[in-house]
Amino acid sequence: MSSITAELLIDLSKIKKNICSLKSLIGKDSNFMAIVKSDAYGHDLNRLIIHIDDIVDAYGVVRLDEAVSLRRHTQKQILLMQGIYDDLEWNIVKDNSINFVVHDPIQFKFLERRYPGQKFWIKVNTGMNRLGISLDDLKEVLQKAHLQNDDVLMTHLACADIPDDEMNLLQFENFEKAFSLLNCPIQRSILNTNGIINFPQYAYDWVRGGIGMYGGVHHPDLETAMTFRSQIISIRDIQPGDRVGYGGRQQAKTKMKIANVYVGYADGVPQNSIDGTKVVVNDQYAPIFGRVSMDLISVDVSKIDNCKVGDWVVLWGDKMSINKFAETNSLISYELMTKISPRVKKSFVVL
């Protein structure tokens, strides 16, 4: 059996460095919540926590099982961002000292059942119209819950990556309106990663850093923390007129050298990756040539010096930002990170 396989190298030191870079943009009075949902965006939740627990103030997840798993590795605050919905979930969060977001009137019944040490996070809809209670419903919250100073009023920005979008100002204004309704000066949280970068003056008491921790946004101080790579398993010379791959989508116009790389959509390469998407071979850029298969991609290595079977091909990593791969294919880095297949070998780097 061949030992060649696609590999995912996760540099935990880069994630830690990225967190420190994000924290440097905000005041020291603002707490940093590390968003580690979806297995830390594909970076292995349990391995990551051990490495960053000393520099973050809390963790945010979406699934209850991830919150419970987290509690085995940290004593810091854990926030279940989708909230809870029934008594069974209430007992689990209580037994594991997990805080949760209240974002819908159906969850109001839990506001009168605060356990010792619990913090309520009240999410208001300021214009994104996804999750969050209305300003009118916020008044009902105040009737059902005796809010405390360490509870948190929160919202989520829809256009933080587009700083000139008028929706940002609208959301900031609506958030202030919501805060003015409170009968207790609780804490506030509004910024996600792009908010931290573009609107640090609104850091308030908590920021929630997600994709930026993993290098999934453009910023000079943030680095792609995962390297997705595999090896060349064959090289073929083709002639003008020869077609390559399923559907013969690409056709050679000149003599070419095509490398077949042992990685495909079953590993996490988007099947709709376009021809010309750049990858890195021997520290040089080379384009994907032809349709992505389940287990293979074809790459034009005609201009790559000394290219041979066994050479590594990097789809994204140090020399090829995950953001560049995503933008080339009209995707987002979040999707690339979270769609790596379990069959891909995973290794960790700590410097």
Listed residues E7, E176, E166 arranged by accessible area, highest first, probe 1.4 Å:
E166, E176, E7
Give me the percent relative contact order of region 151-305, please, defined on Cα pairs under 8 angstrom at least 6 residues apart.
15
By Kyte-Doolittle mean hydropathy of at least 0.5 and Cα axial length of at least 27 Å, which whole DSSP H helices of the chain are selected?
none
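Compare F228, F348 by solvent-accessible area with a 1.4 Å probe and give them largest first, with all protein chains kept in place.
F348, F228
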Reported to the nearest 10 Å², D300 has, with a 1.4 Å probe, an accessible area equal to 40
With every protein chain kept in place and ligands, DNA and RNA left out, what is the accessible area per residue of region 48-163? Probe 1.4 Å, answer in Å².
45
Counting only DSSP beta bridges fully inside the chain, the antiparallel percentage to nearest 5 is 45
Please list, or write none, the lysines whose alpha carbon is within less than 16 Å of the alpha carbon of K255, excluding same-chain residues fewer than 8 places away.
K303
Note: probe point = Cα of F108 + 7 Å toward Cβ; backbone nitrogen < 18 Å; residues of region 171-188 passing the test are 178-179, 181-184
Taking a 1.4 Å probe, which of R243, R72 shows the most accessible area, and what order do the others take after it?
R72, R243
Go through (i) 63, 44, 39; (ii) 76, 44, 36; (iii) 81, 45, 38 and flag the label whose value is the computed Cα extents along the principal axes in Å for this structure.
(ii)
Not counting ligands, DNA or RNA, and with a 1.4 Å probe, what is Y285's accessible surface area in Å² rounded to the nearest 10?
140
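The values are calculated or read from the model by the stated rules, or taken from the named source; none is laboratory data. Quick caveat: nothing in here was measured; it's all calculated off a predicted structure. A quick note on method: Cβ atoms are made from the backbone with ideal geometry, for glycine too, and the neighbour counts reach across all protein chains shown. For the accessible areas, the whole protein counts, side chains as well, though only heavy atoms, and no ligand, DNA or RNA atoms are used. Shrake-Rupley method; radii C 1.70, N 1.55, O 1.52, S 1.80 Å.
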